[in-house]
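See below for the structure under consideration.
Every number here is computed from the coordinates shown, using simple stated rules; none is lab data. All of these numbers come straight from a predicted model, not from anything done at the bench. Virtual Cβ from ideal backbone geometry, glycine too; neighbours counted across all protein chains shown.
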Amino acid sequence: MQVDDASTLDRGGLKVETVFLREGGRRVSEVLFGVGAFPSLELELSGAQGRDRDFSPRAELSGGGLGLKWVPVQQELGWSLGARYDYGRLRVKPVGVGLRFSETDHAITGLATFRVTPRFAAHFNLGIQYARAEAESDTVGTWGLGIDWAVSGPIALTAETYGLDGSSRRALGLRYTIREGLKASAAAGRGQGLSFGQVGVAWEF
């Protein structure tokens with residue numbers, strides 16, 4: 001899910017996540033590493049590669065990011081509350097053109113999860129993002145709402161809507177627990193006039 005939950009890895013815990021995304025003419029693969037650095041504090045590092053055929057001319061994409069997630073209130077039932085900070089940098093290299101473009105962004109997001117039962121939870125995100133591309137910059141609000149429902153055994157369904165000021169996306173997904181700590185997922189949705197889909201694997205250990 002793009003909507004984040006209010007939980008962190010245990011101290012010393014590790015995770016690896018891979019995601020393959022297709023949106024219009026864009027294809028992106030991303031790898032994220034996370035560690036429970038301190039109680040209630042998680043550190044994440046990510047990298048991504050891809051291409052955008054809708055860009056004229058076609059462009060190669062690369063990027064990386066840093067995330068810090070702090071959730072001081074974590075409960076098995078009821079409310080869990082926290083926040084996260086994210087820094088990201090995207091580089092765009094049009095094929096056959098010597099110029100390169102880059103965009104950096106900083107985001108602060110409040111996180112809340114309300115767990116109704118051990119198998120059903122709702123997640124809420126609300127934040128602000130500052131983005132700078134070449135000589136231009138912009139600050140926008142961000143938001144997200146998602147539900148996570150373990151319907152039967154290892155199978156869970158997800159639904160979410162999220163976006164920036166003036167734009168939104170919606171997605172439905174399926175997650176399957178292969179074994180404890182190892183999960184595979186797939187989701188499809190639509191936003192900003194484009195359909196998108198993604199598949200991923202997450203391993204916590």
Test: residue 135 is touching a Phe, Trp or Tyr at 6+ places or on another chain (Cβ under 9 Å) and not polar (S, T, N, Q): no
Residue selected from the stretch 150-205 under the condition out of contact with any strand residue (DSSP E or B) (no Cβ under 9 Å at 6 or more places or on another chain) and among the small types (Gly, Ala, Ser), by the criterion nearest to residue 28 (Cα to Cα): 193
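In the stretch 1-45, which residues are free of Cβ contacts under 8 Å to residues at least 40 places away in the same chain, buried (at least 18 other Cβ atoms within 10 Å of the Cβ) and touching a Gly at 6+ places or on another chain (Cβ under 6 Å)? Before you say what the answer is, go through the steps one by one.
Here is the first cut: in the stretch 1-45, the ones free of Cβ contacts under 8 Å to residues at least 40 places away in the same chain are 10-12, 25-39, 41-45.
With buried (at least 18 other Cβ atoms within 10 Å of the Cβ) added as a condition, the list becomes 28, 30, 32, 34, 36, 42, 44.
Selection gives 28, 36, 42, 44.
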Residue match in the stretch 174-190 (condition: more than 14 Å from the chain's Cα centre (by Cα), part of a strand (DSSP E or B), more than 24 Å from residue 85 (Cα to Cα) and in contact (Cβ under 8 Å) with a residue 60 or more places away in the chain): no
Of the criteria (1) under 23 Å from residue 62 (Cβ atoms); (2) touching a residue at least 12 places away in the same chain (Cβ under 8 Å), which one residue 137 fails: (2)
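Sort through 119, 89 and tell me the only one that's touching a residue at least 24 places away in the same chain (Cβ under 8 Å), farther than 28 Å from residue 25 by Cα and surrounded by fewer than 16 Cβ atoms within 10 Å (Cβ to Cβ). Quick ask: steps written out before the conclusion?
Numbers: 89 fails: farther than 28 Å from residue 25 by Cα.
Testing whether each residue is touching a residue at least 24 places away in the same chain (Cβ under 8 Å), farther than 28 Å from residue 25 by Cα and surrounded by fewer than 16 Cβ atoms within 10 Å (Cβ to Cβ) leaves just 119.
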